[in-house]
Structures are given as C-alpha cells and as structure tokens.
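Novice: First the structure, which I've put down as structure tokens, then a few questions once you've had a look.
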Amino acid sequence: VLLNLAFYRFPVRDHRLYDLGHQLIPELPQHLVDSGAVDLPQNLLVVLGLVLVVSVFINNAPAGKRNPKPHFVNIMLRTTSVYSLGHLLRAGTYLTTSAPGAADRCLTAGHPERFKPTFAEIFYTRGDVYHNCGDLMFSGHMLLCLVITLAVHRYGESAFWISRRQNRYLVIAALVL
C-alpha cells in the first residue's frame, strides 16, 4: 500500500533533482554494475552476520578461559526485534521521505501516468517495483546492513573471542562498507 501511495504522490517532472553526491562521485563503469560488484559490501556484511551466528556454536577457547558465549536465540530475538522496529519506523517515514524518481523512464511524461495507480488501486493492488517512480531516502538494504553491524557490535567480542579494540575495528570496517 505504501509503495503505491508514494507513486501516487509522485509529481511528473522533466528534470532530475539536483544531487551534489551524484555530481561529485563518478558513475561506476557498466561492467562493474553488470557483474554484481555493487552488491559486494552488502554481501560481505551478510557473510559477517552468518559467521557471527555460526561462531556462537563453536567454543574454541582453552578450558580455563571459557567465557559464556551469547545464546543463539537471544541474538536472533534481539536482531529481528531491531529489524522489525526499523521497518516499522521506515514505514512511518515512507511518505514523508519520498522523492521524485531519478530513472530515465520517470522523466518522460507517458511512463508515470501509464503505470500510476488510481486512488482506489492503491489499497488492493501490489506495488510494482519495476514501474514505480517514487524513490525513498531510507533503504531497506541499508537497514539490514545497519542491523548486522549493530549485532556484530553487541555480540562480536564474545562470539569471535576478540578484544574490545579488535571488535571496534571490525565494526568501523563494517560501517565503512
């Protein structure tokens, strides 16, 4: 419903909004985009999260130095609770942070009007991500990366058997990704 409502609010424009970041940072070459290299940071964070979960089940410390590792259920409960809360907050800000789409198809007058749902269709049709021209400031992918980074920050020290300083370096590296 919210995706359709964001598209319904989309104004037809003949130009893109000015974005300083797009002006300063050059576009990636098409061969990198096609190869999937743009998804590499997110994939690395997902792997880091999976390693965190698997390392909870491995206790490789010497017998005299065994500290209790966090329980898998606690990690999953807290992580999914934060992820759910993040999506709830994201849904609440969905309409207030929608911006005109920057795709070429959204700049032509015919495309948005042809696929734009009517007010009644907003409530009973699924949102079409391929023809939608409403864009969002808060990405679900970024929320996933942030939640994984927070889980590593909270549980990394005890799950990976690393020092607090090493855990901070790991979290900083995850934030840079």
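Novice: How many of the residues in region 146-173 are at pLDDT below 90 and either closer than 21 Å to D39 by Cβ or open to solvent by 30 Å² or more (accessible area, probe 1.4 Å) (or both)?
Specialist: Here the count works out to 6.
Novice: Restrict the check to region 96-110 and report whether at least one residue is over 20 Å from F138 (Cβ atoms) and at pLDDT below 65.
Specialist: yes
Novice: In addition: Could you tell me whether region 134-144 includes any residue that is assigned to a loop (DSSP other than H, G, I, E, B), modelled with pLDDT under 70 and farther than 16 Å from L48 by Cβ?
Specialist: yes
The values are calculated or read from the model by the stated rules, or taken from the named source; none is laboratory data. Just so it is clear, the structure is predicted and the values come from calculations on it, not from any experiment. Don't worry about glycine lacking a Cβ; one is built from the backbone with ideal geometry, like all the others, and counts go over all protein chains shown. The area values use the complete protein model at the heavy-atom level, side chains included, leaving out ligands, DNA and RNA. Shrake-Rupley method; radii C 1.70, N 1.55, O 1.52, S 1.80 Å.
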